[in-house]
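Visitor: Sharing a structure, written as structure tokens. Questions coming.
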Amino acid sequence: MWQVGWEALGQWGEDVARVEPLVGGVANDVWSVRVNGHLAVGRLGARSDADLAWETELLQHLDREGLTVPVPIPTMDGRLFVDGLMVMTYVDGGPPETQADWRRVAGTLRELHRLTQGWPQRPGWRSSTDLLHAETGTKIDLGAMPPEGVARCRAAWARLTGRQTCVVHGDPNPGNVRMTANQVALIDWDESHVDVPDLDLVLPGNAAGLDEGAHDIAAQASAAWEAAVCWGDEYAVKRLAEVRAV
């Protein structure tokens, strides 16, 4: 018996089944699924059709350009999502463990940034520099944060003004990277949007090789972003504490 929302899985054919829940983003219900004998991943969430159309188009573009990403699997009638449900190819591999692994991750992120210059913003989202003037964007509501915290975040984002933008993955933590000997894959594109690329490049051990000034700007802006996106929980408070006073 499907849970509410998962009955849409039948749109992918008769030979489909949910297998087991996967650790996914807080915003979605993510399961491994079997589609026509192949292992895949199903993600059910409350995102709008416009939002999902943006994400599926991005993933198809990156796949065509040779990046390893979860590729949307169409329904029997060719749709890439139905009622908030998306089914994608399963990507194998393990998390980065060594400094050399993280340098490979940095290279993959830079390739993502190169392939998406001039990409349109995800519907309803704002970039970090948009938030110098806007109060809200998707999960962000600056009105909910203490004014002094907002001032610190905006001071951190102001240092990014005037830079070229592209798609950022938005959450390149070890759990969202799948590595094998010959490929680096990025999964969970739920936080991806258009922003300044350096936000993706604050990696363990400065694996992206940013110079001291660039790394400081990126690290401050990234901490401010995570504080704003997650505001209200313990992690957000911890990240805001890392953003210097103005």
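Visitor: Spin-label point model (7 Å from Cα, Cβ direction): what's the residue 148 to residue 53 distance in nm?
Guide: For the pair residue 148/residue 53, the computed spacing is 4.5 nm.
Visitor: Which one of 181, 66, 116 has its Cα pushed farthest toward the positive end of the charge dipole of the chain, where Lys and Arg give +1 and Asp and Glu give -1 at the Cβ?
Guide: Farthest towards the positive end: 116.
Visitor: Right, here's the next one. Under the 0.36 nm per residue contour assumption, what length would be gained going from the current alpha-carbon distance of residue 242 and residue 158 to full extension?
Guide: Going from the current span to full extension adds 28.6 nm.
Visitor: Explain nothing, just the number: dipole magnitude of region 3-119 about its Cα centre with +1 on each Lys and Arg Cβ and -1 on each Asp and Glu Cβ, in debye rounded to the nearest 20.
Guide: Computed charge dipole of region 3-119: roughly 380 debye.
Visitor: Using Cα-Cα distances under 8 Å and only pairs 6 or more residues apart, what relative contact order does region 160-246 have, in percent?
Guide: This gives 23 percent for region 160-246.
Visitor: How fast does region 19-109 diffuse by Stokes-Einstein, in µm²/s, taking the Kirkwood radius from C-alpha pairs at 10 °C and 1.306 mPa s?
Guide: In µm²/s, the coefficient is 110.
Visitor: Along the charge dipole of region 125-199, pointing to its positive end and built from +1/-1 on Cβ of Lys, Arg, Asp and Glu, which listed residue (125, 158, 194) has its Cα farthest out?
Guide: Final value for the positive-end residue is 158.
Visitor: From the backbone phi of region 133-138, what are the Karplus-calculated ³J(HN,Hα) couplings (6.51 cos²θ - 1.76 cosθ + 1.60, θ = phi - 60°) in whole Hz, Gly and Pro given as x?
Guide: 10, 7, 9, 9, x, 6
Visitor: For the chain, what's the relative contact order in percent, using C-alpha pairs closer than 8 Å and at least 6 residues apart?
Guide: 18
Visitor: Under 10 Å, Cα contacts only: if you run a Gaussian network model on the chain, which one of 35, 196, 168 comes out with the highest mean-square fluctuation?
Guide: Greatest mean-square fluctuation among the candidates belongs to 35.
Visitor: Given a 10 angstrom Cα cut-off, can you work out which residue in 162, 149, 42 is the most mobile in a GNM of the chain?
Guide: Residue with maximal mean-square fluctuation among 162, 149, 42: 162.
Visitor: Give me the dipole magnitude in Debye, nearest 20, for the chain about the Cα centre, with unit charges on the beta carbon: positive for Lys and Arg, negative for Asp and Glu.
Guide: Approximately 460 debye in magnitude.
Visitor: Another question, then. Hey, what does the equivalent ellipsoid look like for region 85-128, semi-axes from the Cα gyration tensor as sqrt of 5 times each eigenvalue, largest first, whole Å?
Guide: 25, 18, 10
Visitor: Here's a follow-up. How would you classify region 135-246 from its alpha-carbon gyration tensor, with a ≥ b ≥ c the square roots of the eigenvalues: rounded for a/c under 1.5, else prolate if a/b is greater than b/c, otherwise oblate?
Guide: prolate
Visitor: I would also like to ask the following. Over region 6-89, what is the relative contact order in percent, taking alpha-carbon pairs closer than 8 angstrom and at least six residues apart?
Guide: Across region 6-89, relative contact order equals 29 percent.
Visitor: At q = 0.21, 0.22, 0.26, 0.32 Å⁻¹, work out log10 I(q)/I(0) for region 152-194 with the Debye formula, treating every Cα as an identical point scatterer and leaving solvent out; two decimals please.
Guide: Log10 of I(q)/I(0), two decimals: -0.80, -0.83, -0.93, -1.06.
Visitor: Next question, about the same structure. Working out 0.36 nm times the residue gap between residue 136 and residue 36, then minus their Cα-Cα distance, what length gain in nm do you get to one decimal?
Guide: Extending this stretch completely gives an extra 31.8 nm.
Visitor: Only four residue types carry charge here, +1 at the Cβ of Lys and Arg and -1 at the Cβ of Asp and Glu. Report the dipole size of region 115-246 about the Cα centre in Debye, rounded to the nearest 20.
Guide: Here the size comes out at about 180 debye.
Visitor: Let me ask something additional. Could you go through region 109-120 in sequence order and give the Karplus-derived ³J(HN,Hα) for each residue, using 6.51 cos²θ - 1.76 cosθ + 1.60 with θ = phi - 60°, rounded to whole Hz, and x for Gly and Pro?
Guide: Per-residue couplings from phi come out as 4, 5, 5, 3, 5, 5, 7, 10, 4, x, 5, x Hz.
Visitor: Another question, then. If you project the alpha carbons of region 186-241 onto their three principal axes, what span does each projection cover, largest first, in Å?
Guide: 32, 27, 19
Visitor: What would the Debye formula give as log10 I(q)/I(0) at q = 0.19, 0.22 Å⁻¹ for the alpha-carbon point model of region 75-191, no solvent?
Guide: Log10 of I(q)/I(0), two decimals: -1.16, -1.24.
Visitor: Provide the convex hull volume over Cα atoms per residue for the chain, in Å³.
Guide: Hull volume over Cα atoms, normalised by residue count, gives 133 Å³.
Visitor: Let me ask you something else. Have a look at the DSSP beta bridges in the chain and tell me what percent are antiparallel, nearest 5.
Guide: Roughly 95 percent of the DSSP beta bridges within the chain come out antiparallel.
Read the figures in this text as sums done on the coordinates, not as results from a lab. The shown structure was predicted, so the numbers you read here are calculated from the model rather than taken from an experiment. FYI the Cβ positions are ideal-geometry reconstructions off the backbone, even for glycines, and counts take in every protein chain you see.
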